[in-house]
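Below is one structure; the comments refer to it alone.
What follows is calculated from the coordinates using simple rules that are stated; it is not laboratory data. In this text, all values refer to a predicted model and were calculated from it rather than measured experimentally. Neighbour counts are summed over all protein chains in view; Cβ atoms, including those assigned to glycine, are modelled from backbone coordinates with ideal geometry.
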Amino acid sequence: MSAAIQNIVNQPYKHGFVTEIESDVAPKGLNEDTIRLISTKKNEPEWLLNFRLKAYQHWLKMEEPKWSNVKYQKIDFQAISYYSAPKSKKKLASMDEVDPELLRTFEKLGVPMQERAALAGVAVDVIFDSVSVATTYKEKLAEIGIIFCSISEAVHTHPELVKQYLGTVVPIGDNYYAALNSAVFTDGSFCFIPKGVKCPMDLSTYFRINTQDSGQFERTLIIAEEEATVSYLEGCTAPKFDTNQLHAAVVELIAHDNANIKYSTVQNWYAGDENGVGGIYNFVTKRGLAKGKNSRISWTQVETGSAITWKYPSCVLQGDNSVGEFYSVAVTNNYQQADTGTKMIHIGKNTRSTIVSKGISAGHSTNSYRGLVRIAPTAAGARNFSQCDSLLIGNQCSANTFPYIQVRNNSAKVEHEASTSKIGENQLFYFAQRGIGNEEAVSMIINGFCKDVFQQLPMEFAVEATNLLGLKLEGSVG
Amino acid sequence: MIYQDSKTLLKVRGLYATAKGIEILKGINLTVKSGEVHAIMGTNGSGKSTFAKVLAGHAAYEITGGTVVFKGKNLFDLAPEERARAGMFLGFQYPIEIPGVANNQFLRLAYNKAQVQRNKDELDPLEFDDLVREKMKLLKMDPEFLDRSVNEDFSGGEKKRNEILQMALLDPRLAILDETDSGLDIDAVRIVANGVNQLANRDNAIILITHYQRMLNYIVPDYVHVMESGRIVKSGGKELALELEAHGYDWVSGEQPATVGT
């Protein structure tokens with residue numbers, strides 16, 4: 001079956017095309033001048049420039065982390081361009097003003113903004129390279145006090161909020177890539193749900209990396225005040241390039257008393273070709289602070305792309321009775337490497353966390369779950385349940401589980417379950433003997449395997465995720 | 001039942017097969033016509049299960065000689081799933097567990113593949129639910145099996161009933177039941193045998209692979225074949241099984257290869 005299995009992942013990257021839009025690209029290299037340039041280009045206030053410079057000073061003193069189970073050539077940070085914006089200077093008031101070439105790109109990706117937004121009731125804050133081009137539904141949301149815009153815009157329109165929260169969950173010196181992001185981030189989303197407001201629709205952002213060799217340093221900040229609720233969707237895709245592109249995003253979530261933030265991601269960035277050439281390096285820091293009592297932060301991710309994924313969406317459960325959740329499906333194929341998982345830091349009393357991680361490896365890929373559950377001395381009555389399952393397709397791939405459990409309170413209860421299974425020749429034969437071919441069989445097994453995570457996704461994302469997995473693993477069993 | 005004017009469903013001539021370079025089947029001849037029930041008996045390692053898996057197209061075996069014609073077509077031109085859709089059914093000796101895939105989903109997909117093949121409408125989940133519950137009564141199966149993962153944590157007997165349930169749904173032309181009686185208590189043997197008997201008709205045929213006579217008390221074969229060292233060494237009517245039971249397999253050892261129904 002190994003021959004049969006090898007054919008499944010070899011579907012060419014569907015979204016591999018480059019849009020020809022003139023880009024305003026900063027010279028390659030990183031130093032204080034680069035940072036000043038970014039800050040000037042974005043017309044930023046002094047405090048933000050200082051934030052960036054401080055982060056840069058931190059970064060200079062830090063070492064690239066080496067503990068993850070991934071291998072790649074050392075990144076030359078001086079060979080990266082840190083700013084790239086489509087050359088359309090004036091602000092866009094409506095979709096009609098958007099560059100038609102850009103609109104065509106979205107259509108190729110299957111993201112016709114207006115239709116999608118209208119049909120699905122989703123406000124799409126589209127990020128094209130580093131500058132937000134259009135924001136829909138913003139006014140409607142504004143009526144109920146929700147702020148949903150690019151973070152650069154928020155810096156100007158709501159500086160007090162950005163200043164109050166930026167860097168409070170992921171401090172500038174938190175880790176190597178977070179420090180880098182804090183120094184050079186160009187744009188991202190900002191979302192503020194005021195007290196008592198339940199956001200009436202899923203908020204959605206489509207990211208897309210476009211200019212070759214331009215690093216992507218997105219910065220997202222979501223704040224839910226007391227009793228507020230929001231569901232945020234992040235979907236990603238990128239054009240096909242041979243040189244690796246670094247993506248080092250930072251996402252910060254803050255949930256106050258009784259607030260609820262659900263953050264869902266479907267990631268399908270270019271993973272490199274079948275020989276492991278090219279692809280995105282996805283080194284992301286995502287962290288949510290469940291600050292208030294009874295608050296809840298939930299991460300759901302479907303990671304299918306990128307040459308390397310290095311990502312641990314985490315929850316700091318500070319408020320008493322707060323809840324953290326992490327539901328993840330990570331698929332690796334060919335020579336992809338994923339080291340992903342979560343951290344659940346229990347600080348408040350009776351805090352609860354759930355981790356459900358499903359890793360699927362095919363081809364020559366490496367797929368690792370790495371997770372930390374920490375129960376602080378203050379976290380009386382804390383509970384955690386973790387389940388980490390791995391599914392292997394073929395004989396050349398590997399799956400690892402690295403759970404770290406630190407319990408400093410006797411009343412806490414921590415459970416960890418793990419399993420590894422393999423799509424076997426006998427399973428496929430059984431399906432075939434009932435008239436079901438290999439591809440359908442694999443898709444059925446995988447969807448069954450991922451069911452617990454897919455159930456957590458908003459409806460339209462669940463369908464997309466199911467299709468994406470089928471596409472990703474097509475030909476790897478057969 | 002033997003009918004004089006029946007069509008030949010399966011014609012095996014001089015079939016040889018190897019696994020990992022070791023020859024397991026060494027020249028099998030067998031002809032099965034519609035309406036007939038054949039029993040293949042023999043000791044462990046005589047090649048009975050291999051024969052079944054080779055017919056169904058398991059990739060672990062290599063065909064090194066001979067021909068098999070199924071419903072007038074060269075069987076080896078068909079992929080395993082095409083053989084299944086053409087009406088060949090293998091009841092597994094050890095049914096495979098498929099964690100995470102609900103039994104009803106699996107059964108419906110398999111059923112709809114057969115429906116498409118027969119140019120009939122596929123059934124939606126509600127329509128299928130009615131049908132499958134009806135079939136489950138035949139085998140005295142609890143409907144809660146529908147929601148469980150395919151064969152996962154099923155007892156030996158439950159797995160075998162699930163196999164016969166699939167046979168009932170797929171309505172195959174040729175059902176090869178590989179030691180369906182093993183691991184079943186006497187009540188379960190009766191229920192399963194009763195199910196198989198109700199499914200047998202003029203247009204289909206059954207090959208029962210078994211160690212023991214007891215299954216044949218309930219499903220009466222038209223022909224009994226004894227396999228040894230990868231060949232059929234003796235063939236006869238239903239009384240042959242009783243003789244085997246009385247005398248043991250040593251009784252046929254050293255017999256010359258035989259063919260039946262040619």
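Checking every one of the trypsin sites (Lys or Arg not before Pro) in segment A:161-207 against DSSP loop status and a limit of 15 other Cβ atoms within 10 Å picks out A:195. Entry note, chain B: relative contact order of 27 percent, from Cα contacts under 8 Å with a spacing of 6+ residues. A simple rule links phi to the HN-Hα coupling: the Karplus curve 6.51 cos²θ - 1.76 cosθ + 1.60 with θ = phi - 60°, which for segment A:55-69 gives 5, 4, 4, 4, 4, 4, 8, 9, 10, 5, x, 10, 7, 6, 8 Hz, with x for Gly and Pro. Here the label points at residue A:455 and residue A:398, each 7 Å from Cα along the C-beta direction, are separated by 3.3 nm in the simple model.
With K and R counted +1 and D and E -1, the other residues having a Cβ less than 14 Å from that of residue A:373 yield a net charge of +4. Between the beta carbons of residue B:123 and residue A:426, assuming R0 = 22 Å, the FRET efficiency works out to 0.20 to the nearest 0.05. Amide hydrogen proximity for residue A:198: with H placed 1.01 Å from N in the peptide plane, the residues at 5 or more positions away or on another chain lying under 5 Å are A:229. Here are some pairs, A:74/A:311; A:66/A:413; B:120/B:159; A:422/B:140; which of them have Cα atoms lying more than 21 Å apart in this structure? Those over the limit are A:66/A:413; B:120/B:159; A:422/B:140.
Chain B gives an Rg/Rh value of 0.95, both radii derived from C-alpha positions and Rh following Kirkwood.
At an R0 of 51 angstrom, the distance between the Cβ atoms of residue A:62 and residue B:79 translates into a FRET efficiency of 0.35.
The 3J(HN,Hα) values that the Karplus relation (6.51, -1.76, 1.60; θ = phi - 60°) gives for segment B:218-223 are, in residue order, 9, 10, 8, x, 7, 9 Hz. Gly and Pro appear as x.
The convex hull of the Cα atoms of segment A:410-465, projected and averaged over all directions, covers 6.2 nm². Close amide H pairs (under 5 Å, H built 1.01 Å from N) link residue B:205 with B:35, B:174, B:175, residues at least 5 positions away or on another chain. Once you reduce segment B:85-117 and segment A:244-276 to the center of their Cα atoms, the two points are 38 Å from each other. Each Lys or Arg adds one and each Asp or Glu subtracts one; over the other residues with Cβ under 14 Å from the Cβ of residue B:208, this totals -2.
A Förster radius of 25 Å, combined with the Cβ-Cβ distance separating residue A:419 from residue B:64, puts the computed FRET efficiency at roughly 0.05.
Evaluated on segment B:1-143, the Kirkwood hydrodynamic radius is 17.5 Å, with distances taken between all distinct Cα atoms. Amide H contacts for residue A:327 (H built 1.01 Å from N in the peptide plane; partners 5 or more residues away or on another chain; cut-off under 5 Å): A:299, A:300, A:301, A:356.
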